Each structure stands twice: as C-alpha cells, then as structure tokens.
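Visitor: Just passing along the structure, written as structure tokens.
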Amino acid sequence: MQAQSVQHVNNTDRYAKAVAVSKRVRWDIDRDVIRGRAFDFTKKFLPDGLSQIDRLDFLTADEQRQLSQIQGRTYANIFGLVERFIAAKVLEVSSDHWLGDQNALEAMVRFGDEEIKHQELFRRIERMCAEGMPAGYTFVLDPNSVATAVLSKSTWAVLALTCHIELFVLLHYRESIDTDTSSSELWKDVFLYHWREESQHAIIDEMEWRRVHATLTADQRDQGVSDLIDLVGEVDGLLQMQARADADYFIKVCGRTLSQNDAMRVHEGVLGAYRWQYIVSGLKGPRFADILGTMITEPQAARIGSALAPIMN
Ligand SMILES: [Fe+2]
Ligand SMILES: [Fe+2]
C-alpha cells in the first residue's frame, strides 16, 4: 500500500513536470518553425544518417539530393499519418485520468493537443515539399484506415508502438544536428521543434504503458506482445508499399535512365532507409529496448526477436 502511494506521488510529480516543460517549450507552427520561409531545393531535406543516400554511390550529388527530398516529403506524410492514431489513443487513454490524477489528465490533454498541431505542421511541410517537385509523387497510405487498423489492437501494443515512435523521433533529431551546410535549415528546425515536444511525449508514453501493463493478466500481456509483433509487421508492409512508390517516382523524374541493377539498388536503398527510419532505429535504440525488456518475459523477447529478424537484419 505504502509502496503504491509513493509510486503515485512520483508519477503525479512526473506528469506535473511534463506539463510544466510542455508549457515552457510550446511553439507555434508559423511564428517559430516556418517563419515565412520556403524550402530551398538546392539543399538536402533529410540528414544522410536517415536517408542513407550516401550508400547509393552511383547517384550524382544532385540525384542524391533529389532522393533525400522525396524521402523528406514521405517523412512529413508518415508523421501526419502516425500522429493521427497517436492523438486518438492518447485522448482515449486519458479517460483513465478524468476523475483521477489531474496532473496526468493535463499532461495527456496537452500531449493530444500537440499531436494535432504536429499533424498540421507535417501537412504544411508536405505541401511545401510538393511545390518544388515534379508531378507524379504519390503517398499510398490513408491515415484514417491505418489508424483504424492500429487502434483495433490492444492498448498495450499501441502504447508500445507509440513509445517506440516517440523515442525514434528523439534519435532523428540527434541525426539532424550536423554542421553539414548542404542540409535544409528549415528541415533542421522541423526536427528540432518536433523533438522539443516529443521529449515529454516519450516520458508520458512510458508511464502510461507501464500503468496499463500493471493492470493486465499474463495472458493479456502475451496478447499485447502478439499484437505488437503484428503491428510492426503491418508497419513494414506499409513501408514496402511507400518505398516502392518513392523509388519508382525517383527513377522516373531523376532525368536519366538508370540501369536495371542501379534501379534495383534504388529500390533496396529506399526500403532500407525507411525500415531504418521507422522501425530499426527505434527498436535498436537503448531506451526502448530497456523499457520493453522490463515488461516482457524471456520467451516473449525471443518471440519478438525471431518475428522481427527479417526486418532488423
Ligand atoms: Fe509529434
Ligand atoms: Fe508525440
């Protein structure tokens, strides 16, 4: 009993701290991030550490830059999409706090509000990316149908996936801090400002995930693990579709005819980059692995490891 109330005090303090930081770092899309700027299409959009374009050494520097811009546009689209189900889940889970810890409730409400703002930011960024690109780009995924599929899974698994996403956003920001002047300043600011609010989300996600975990039976937790494996597999299926669309688009607009072998390497390179950006960087990140490790059994860890091996390697 005493241990539980100490835990409650700790958690309410952590929620209160997340609220205080959220208020302090709060930013506005136009005033702080975009600041009247347009994209400079002579610059790369994603850092090489994410786009992995430097591995495609048969492409010219201009072609690599173009491929990084296409990936940047997809990055904006993917985040517009994932933040759709994250906001919905956060608002749903907040109902556990409606008549309870008001610090937790406020933290969740701000979290949901920020994700709705991030969706708007990424829609704006996507339109600005589109302005400098030839026609023919397609984003093949629909945010609402993906969100419906994700939200049909257990809360344990959706919170795990969400925690993973929030944590890889932090890693992506770290990748974007480079002294490379060939990268877009506006894109660097997108990573910076997104990271500022996501840092609180990652903390809240972990608390919510652990809180829900504590209420479940062993069987329910095991179902959560199965759902998480399914979700990551479904994310990978979506990435395969979008990688194919983006590679085809690049091959069409790059301005020369690539050999069959080079075209195949573009396809593999884009899929590898997307898996790295949206799955592997998060799962391999130390913090996610630590959190997950405290919530699963050894057989469950082995099950996750073997199910995801084809994606991770
Ligand atoms: Fe976000
Ligand atoms: Fe977030």
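The values are calculated or read from the model by the stated rules, or taken from the named source; none is laboratory data. Quick caveat, the model's predicted, so the values are computed rather than measured. When we count neighbours, we look across all protein chains shown, and the Cβ atoms used for this are built from the backbone with ideal geometry, even at glycine. In case anyone asks, the SASA skips ligands and DNA or RNA and just uses the protein heavy atoms, side chains included. Shrake-Rupley method; radii C 1.70, N 1.55, O 1.52, S 1.80 Å.
Visitor: Say we look at the range 41-51 and pick out the residues that are touching a Gly at 6+ places or on another chain (Cβ under 9 Å) and in a loop (DSSP other than H, G, I, E, B); which of these is most open to solvent (accessible area, probe 1.4 Å)?
Guide: Step by step, filter the range 41-51, then rank; the result is Phe41.
Visitor: Please tell me if Lys43 is more than 20 Å from the chain's Cα centre (by Cα) and of a type in the set (D, E, K, R).
Guide: Considered against the rule, which asks whether it is more than 20 Å from the chain's Cα centre (by Cα) and of a type in the set (D, E, K, R), Lys43 comes out as yes.
Visitor: Another question, then. Can you find even one residue in the range 141-153 that is within 16 Å of ligand 1 (Cβ to nearest atom) and among the β-branched types (Val, Ile, Thr)?
Guide: yes
Visitor: Which one of Thr179, Thr215 is open to solvent by 40 Å² or more (accessible area, probe 1.4 Å), free of Cβ contacts under 8 Å to residues at least 40 places away in the same chain and under 28 Å from Phe39 (Cβ atoms)?
Guide: Being open to solvent by 40 Å² or more (accessible area, probe 1.4 Å), free of Cβ contacts under 8 Å to residues at least 40 places away in the same chain and under 28 Å from Phe39 (Cβ atoms) holds for just one of Thr179, Thr215, which is Thr179.
Visitor: Consider the range 223-237. How many of its residues are surrounded by fewer than 18 Cβ atoms within 10 Å (Cβ to Cβ) and not acidic (Asp, Glu)?
Guide: Number of matching residues: 5.
Visitor: Being outside any loop (DSSP other than H, G, I, E, B), open to solvent by less than 10 Å² (accessible area, probe 1.4 Å) and touching a strand residue (DSSP E or B) at 6+ places or on another chain (Cβ under 9 Å): is that true of Gly72 here?
Guide: Against the criterion (outside any loop (DSSP other than H, G, I, E, B), open to solvent by less than 10 Å² (accessible area, probe 1.4 Å) and touching a strand residue (DSSP E or B) at 6+ places or on another chain (Cβ under 9 Å)), Gly72 qualifies.
Visitor: Give the residue that is nearest to Ile116 (Cα to Cα), with candidates limited to residues of the range 182-212 that are of a type in the set (Asp, Glu) and either more than 16 Å from ligand 2 (Cβ to nearest atom) or open to solvent by 10 Å² or more (accessible area, probe 1.4 Å) (or both).
Guide: My answer is Asp189.
Visitor: Scanning the range 98-116 for residues that are touching a helix residue (DSSP H, G or I) at 6+ places or on another chain (Cβ under 7 Å) and open to solvent by 10 Å² or more (accessible area, probe 1.4 Å), which turns out nearest to ligand 1 (Cβ to nearest atom)?
Guide: Out of the qualifying residues, it is Ile116.
Visitor: Still on this structure: Of the residues Asp28, Asp54, only one is closer than 20 Å to His118 by Cβ and either surrounded by fewer than 18 Cβ atoms within 10 Å (Cβ to Cβ) or within 16 Å of ligand 2 (Cβ to nearest atom) (or both); which?
Guide: The unique qualifying residue is Asp28.
Visitor: For the range 78-97, give me the residue count where each residue is within 16 Å of ligand 1 (Cβ to nearest atom) and open to solvent by 30 Å² or more (accessible area, probe 1.4 Å).
Guide: Summing the residues that are within 16 Å of ligand 1 (Cβ to nearest atom) and open to solvent by 30 Å² or more (accessible area, probe 1.4 Å) in the range 78-97 gives 3.
Visitor: Which members of the range 279-313 meet the condition of being of a type in the set (Val, Ile, Thr), assigned to a helix (DSSP H, G or I) and open to solvent by less than 80 Å² (accessible area, probe 1.4 Å)?
Guide: Scanning the range 279-313 gives Ile279, Val280, Ile291, Ile304, Ile311.
Visitor: Could you give me the residue pairs with C-beta distances under 6 Å whose first residue belongs to the range 86-97 and is farther than 20 Å from Ala149 by Cα, whose second residue is open to solvent by less than 10 Å² (accessible area, probe 1.4 Å) and within 15 Å of ligand 2 (Cβ to nearest atom) wherever it lies, and which are 6+ apart or on separate chains?
Guide: Here the result reads Ser94/Met108, each pair linking the range 86-97 to a residue that is open to solvent by less than 10 Å² (accessible area, probe 1.4 Å) and within 15 Å of ligand 2 (Cβ to nearest atom).
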